[in-house]
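Note sheet for the following structure.
The values are calculated or read from the model by the stated rules, or taken from the named source; none is laboratory data. What you are looking at is a predicted structure, and each value in this text was computed from that prediction instead of being measured. Virtual Cβ from ideal backbone geometry, glycine too; neighbours counted across all protein chains shown. All accessible areas refer to the heavy atoms of the entire protein, side chains included, with ligands and DNA or RNA removed. Shrake-Rupley method; radii C 1.70, N 1.55, O 1.52, S 1.80 Å.
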Amino acid sequence: MIPEGTRYFLPPEARLRRELQERLVNLLYGWGYEPVELPALEFYDPQHTLAERAFKLVDKSGEVLALRSEFTTAVAGLLKSNGRLVSGQPVRLQYAGTLWLREANAELGRSREFSQVGAELVGVSSPQSDAEVLELAWACLQLVGFAEAKIEVGLPALVRDLLDATGLPGDQKERLRQAIHRKNSPELEALLMGYQVHPSLQKALLALPDLYGGREVLEEARRLPLSGKAQADLDWLEAVLALLPEVPLLLDLGRARLLGFYTGLNFQAYTPDFGLPLLGGGRYDGALLPYAAGFALGLERVMEALRLPLSETPPEVLALDRALARELRAQGKRVELAWTHHLRELKEYALEKGIRWLAVDGRLEEVLPGQ
């Protein structure tokens, strides 16, 4: 028995997970993102966004600690404490590892222990840097086999600016935000009428849930009565899109997730026939660092969506001859050592497992049925 929300990974699934992670790490490194290692134990922070869902521990001194629940805050802490930030210069970091949550949401499939690979581009804020993060996320999806994946891009800054323009108190803006994010137009209309929002702002806010589709959505948004700040948000997004003509992006300008965290664009990636996002990220200037954007990809989510056939690949050789086994491994062969000198037993085992060759007395002998 193991705790709820955790699981075993057996061969060959465990090997495939490691291979996927290694391929992603190498891709990120090729784009200039240096790996960092972050502690699994952190000081418990009641202000952390996941504080209520984190595993808490108490060490022998009475200090309250927590298991790492997400990577972005940990990366920010590393940068703040190690003097790696230089004004106006980019810092590119990547991470890979395990996270823990005492209580997981449906998006994580109720897992309480899960793995992510991700990247953070820190220190700069521009359409070019946002385009880099989006293109890199797309490259990760292609690498692991999601040729049909689509990245949905939202602009929380636009939603926040429109809500701020209403002048309503925080609780009323939150109700409007929830209705927009759920694309519940009847509820949104009733709330706007009840709050007596100015007609021009009503029109703009009511349009948000339907602003979903290709790049033509940007032109639809520009025809709305928007403030100068909201128009500037669209200008930024348009500049990002102009740098990514080959990346198939879908715009969802009614996306209203985490308005207090994301300060620019926000995105999630989906693939057909799998309802949960494969990765997500965005720009969060000022939330944890002066300028930063990034994304994280869920390893378990990727494995589940790929639906790979899980069959074990047997070693190529079963070796009685240890010297020959070393030579073959040096050539890149996968070699398993014999545990007995009984040839019949070894051949029966090799046939059962699918091992083709037996290394004995300095030579390779093919294992055939009926020998």
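Key figures for this structure:
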| item | result |
| --- | --- |
| Protection proxy ranking, peptides 159-169, 282-292, average beta carbon neighbours within 10 Å, highest first | 282-292, 159-169 |
| From phi via Karplus (6.51, -1.76, 1.60), per-residue ³J(HN,Hα) for the range 16-24 in Hz, x at Gly/Pro | 5, 4, 5, 5, 4, 4, 5, 5, 5 |
| Probe 1.4 Å, protein heavy atoms only - accessible area per residue of the range 104-184 in square angstrom | 36 Å² |
| Contact order normalised by residue count of the chain, Cα under 8 Å, 6+ apart, percent | 16 percent |
| Part-to-part distance (alpha-carbon centres) for the range 25-97 and the range 138-188, which is given in Å | 26 Å |
| Rg and Dmax [Cα atoms of the range 176-286; Å; Rg one decimal, Dmax integer] | 14.7, 44 |
| Helix-only [θ]222 nm of the chain, DSSP H runs n ≥ 4, -39500 (n - 2.57) each, per residue, nearest 500 | -11500 deg cm²/dmol |
| Whole-number accessible area per residue in Å² for the range 219-290, which is evaluated in the context of all protein chains at 1.4 Å | 40 Å² |
| Approximate shape of the range 54-180 as ellipsoid semi-axes (Cα gyration tensor, √5λ), whole Å, largest first | 27, 24, 21 |
| Gyration tensor over alpha-carbon atoms, the range 1-85, equivalent ellipsoid semi-axes in Å | 27, 23, 10 |
| The range 1-151 - percent of accessible surface contributed by carbon and sulfur, probe 1.4 Å | 52 percent |
| Distance cut-off 13 Å, percentage of C-alpha pairs in the range 178-224 lying past it | 55 percent |
| Value of relative contact order over the range 215-312, rounded to a whole percent, pairs C-alpha under 8 Å and six or more apart | 17 percent |
| Gaussian network model of the chain, Cα within-10 Å springs - most flexible of VAL240, VAL335, VAL64 | VAL335 |
| Given LYS203/LYS229; LYS183/LYS203; LYS333/LYS353; LYS150/LYS173, the pairs whose alpha carbons are separated by over 24 Å | LYS150/LYS173 |
| Mean Cα-pair separation over length for the range 225-371, i.e. relative contact order, pairs under 8 Å, 6 or more apart, % | 14 percent |
| Where Rh is the Kirkwood radius over Cα pairs, Rg/Rh for the chain | 1.10 |
